[in-house]
Amino acid sequence: MSRLDLGIDLGTANIIIMTGGKAVLNEPTVIAFNRNTEEVVAFGNDAYKMIGRNPPHIAVIKPLKDGVISNNDMAQELIRLCILKVIGHRLINPRIVMCVPSGITTVERKAVVESAVSAGARTVYLIEEPVAALLGAGADILKPYGQMVVDIGGGTTDIAVTSLGGVVASASVKCAGNTLDKAIAKHVADKYRLLIGEKAAEELKKSTANVFWSSDEPTATVTGRSLINGLPASVKVSEQDITMAIQENIDTIIEAIMSVFEKTPPELAGDIIESGIILTGGGALIKGLDLYITRETGVQCHIAEDPMGCVARGTYRVFSIQDKLRNGFEKVSVF
């Protein structure tokens with residue numbers, strides 16, 4: 001029987017599957033369900049396109065919210081469908097390493113494993129995000145040396161310090177990409193009386209946010225519905241506008257980083273000063289964030305190569321060092 005190893009990053013915003021050292025699936029963590037027929041009609045990119053455009057009988061669901069599974073059944077089905085999309089219906093029983101949000105419960109962990117089993121997995125391993133992120137960034141987490149990662153995903157920001165294959169100090173805050181999007185939408189509504197959708201807010205975050213050097217010159221046009229007369233409208237916003245909207249949340253992330261430093265042994269803290277903080281996840285792409293973290297902490301911050309793919313790459317790298325990991329990793333034997 002054929003053998004296959006899959007690394008899966010189950011993120012709040014995206015699900016990424018790696019095999020053979022490359023991403024074979026990268027889709028939004030979204031699934032569409034027909035309430036009338038009780039059938040899944042779309043998932044991933046196809047379901048994401050339906051957000052805000054779906055009729056009442058089609059429910060477009062994001063089964064993960066703020067780093068936890070909010071809809072168990074839909075999360076299971078989405079994972080199963082994504083695995084089947086990769087392996088097809090061939091007689092393959094893959095080994096799977098799946099990265100799970102730090103905040104999920106034992107029941108949710110079991111549900112994640114069951115979804116992988118239903119897709120044909122023979123063995124499932126679970127790993128927490130910070131460990132996978134460091135591995136994906138190319139760090140050697142097995143040596144006796146302190147390394148810090150700040151992984152800003154869609155639902156949570158996970159911070160960890162590792163040494164000798166184990167997590168020494170960590171923190172997780174529900175302040176990440178989705179929180180920033182909501183803050184931007186609220187700011188635009190409050191200041192410009194314009195209601196915008198989550199996609200528009202996310203686009204503003206990517207294109208216009210600059211938390212280190214922000215200009216007050218209007219640079220982006222955003223469209224939505226006027227809260228004054230209910231008609232379609234558009235306004236111009238500046239980098240300063242968007243930075244102001246997310247500043248409080250960025251400072252929450254800084255506070256979490258500081259709290260991890262307070263729990264870090266001095267020897268490892270000295271290592272981190274030498275090597276710097278590694279920044280991963282989609283939030284790492286916010287302009288000026290690495291410089292802002294450097295200024296606020298006094299420790300050099302580096303953006304990992306392909307920060308959005310770090311966690312997924314790390315899950316796949318686990319297969320080569322699985323026996324040496326001490327913390328943040330567990331094996332679930334299926335058969």
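Relative contact order for the chain: 21 percent, from Cα pairs under 8 Å spaced at least 6 residues apart, divided by residue count.
Testing the spin-label approximation: label points 7 Å from Cα along Cα→Cβ at LEU195 and ARG35. State their distance in nm. Calculated label separation equals 1.9 nm.
Extents of the range 21-104, largest first, come to 39, 32, 21 Å (Cα atoms, principal axes, whole angstrom).
Quick check: from the Cα gyration tensor, does the range 113-213 come out rounded (a/c under 1.5), prolate or oblate?
Numbers: a/c = 3.24, a/b = 1.64, b/c = 1.98.
Oblate.
Placing +1 on each Lys and Arg Cβ and -1 on each Asp and Glu Cβ, with no other charges, gives the chain a dipole about its Cα centre of roughly 1000 debye. The Rg/Rh ratio of the range 153-198, with Rg taken over Cα atoms and Rh as the Kirkwood radius over Cα pairs, comes to 1.29.
One equal scatterer on each Cα of the range 193-295, no solvent, Debye formula: the resulting log10 I(q)/I(0) at q = 0.23 Å⁻¹ is -1.23.
What the pair-distance distribution of the chain shows, using all Cα-Cα distances binned every 20 Å from zero, is 31, 55, 14, 0 percent.
Among all the lysines, which ones have a C-alpha under 18 Å from LYS206's C-alpha, if same-chain residues fewer than 8 places away are not counted? Answer for LYS206, where 18 Å is the Cα cut-off: LYS182, LYS186, LYS236, LYS287, listed by chain and number. The sum of -39500 (n - 2.57) across all DSSP H runs of n ≥ 4, divided by the residue count of the chain, sets its helix-only mean residue ellipticity at 222 nm to -11500 deg cm²/dmol.
The H on the amide N of SER163, modeled in the peptide plane, is under 5 Å from the matching H of VAL168, each at least 5 residues off or on a different chain. For the set GLU38, GLU203, GLU77, solvent exposure ranked by accessible area (probe 1.4 Å, protein chains only) runs largest to smallest as GLU38, GLU203, GLU77.
Over the range 91-202, calculate the relative contact order: mean separation of alpha carbon pairs under 8 Å at least 6 apart, over the residue count, as a percent. Display every interim value, and only then the final one.
On the way: 160 pairs, mean separation 19.9, N = 112.
Relative contact order here is 18 percent.
Among 289-302, 135-148, sorting by the average number of other beta carbon atoms lying within 10 angstrom of each residue, highest first, gives 135-148, 289-302.
Dividing the radius of gyration of the alpha carbons in the range 43-174 by their Kirkwood radius gives 1.02 for Rg/Rh.
Give me the number: length gained by fully extending PHE319 to LYS85, i.e. 0.36 nm times residue separation minus the C-alpha to C-alpha distance, one decimal in nm.
Working: separation 234, 0.36 × 234 = 84.24 nm, distance 2.17 nm.
So the chain would gain 82.1 nm between PHE319 and LYS85.
A prolate overall shape is assigned to the range 249-335, the ratio a/c of its alpha-carbon gyration tensor axes (a ≥ b ≥ c) being 1.5 or greater and a/b exceeding b/c. Centroid-to-centroid, using Cα positions, the range 68-98 and the range 268-304 are 33 Å apart.
In nm, what is the difference between 0.36 nm times the number of residues separating ILE254 and MET50 and their Cα-Cα distance? Could the numbers behind the result be given before it?
On the way: separation 204, 0.36 × 204 = 73.44 nm, distance 3.49 nm.
Contour length minus the Cα-Cα distance gives 69.9 nm.
Hey, can you rank 118-131, 239-252 by average C-beta count inside 10 Å, highest first?
Numbers: 118-131: 23.0, 239-252: 19.9.
For the peptides 118-131, 239-252, the packing ranking is 118-131, 239-252.
With springs connecting C-alpha atoms under 10 Å apart, model the chain as a Gaussian network and identify which of LEU84, LEU134, LEU231 has the largest mean-square fluctuation. The residue that fluctuates most here is LEU231.
Taking a ≥ b ≥ c as the square roots of the Cα gyration tensor eigenvalues, the range 285-325 comes out oblate, since a/c reaches at least 1.5 and a/b does not exceed b/c. Working from label points 7 Å from Cα in the Cα-to-Cβ sense, the GLU305 to ASP73 distance is 4.5 nm. Given the chain, what percent of its DSSP beta bridges are antiparallel, to the nearest 5? In the chain, approximately 70 percent of DSSP beta bridges are antiparallel ones. Highest GNM mean-square fluctuation among ILE17, ILE272, ILE254, for the chain modelled with Cα contacts below 10 Å: ILE254. Selection among ALA200, ASN229, ALA189 by position relative to the dipole of the range 185-234 gives ASN229 as farthest towards the positive end (Cβ unit charges, Cα centre).
So what does VAL113 come to for accessible area, using a 1.4 Å probe and Å² rounded to 10? About 20 Å², rounded to the nearest 10.
The values are calculated or read from the model by the stated rules, or taken from the named source; none is laboratory data. Just so we're clear, the structure is a prediction, and the values are computed from it rather than from any experiment. Using ideal geometry, Cβ is built from the backbone for each residue, glycine included, and neighbour counts are taken over all protein chains shown. With ligands, DNA and RNA removed, areas are computed over all heavy atoms of the protein, side chains included. Shrake-Rupley method; radii C 1.70, N 1.55, O 1.52, S 1.80 Å.
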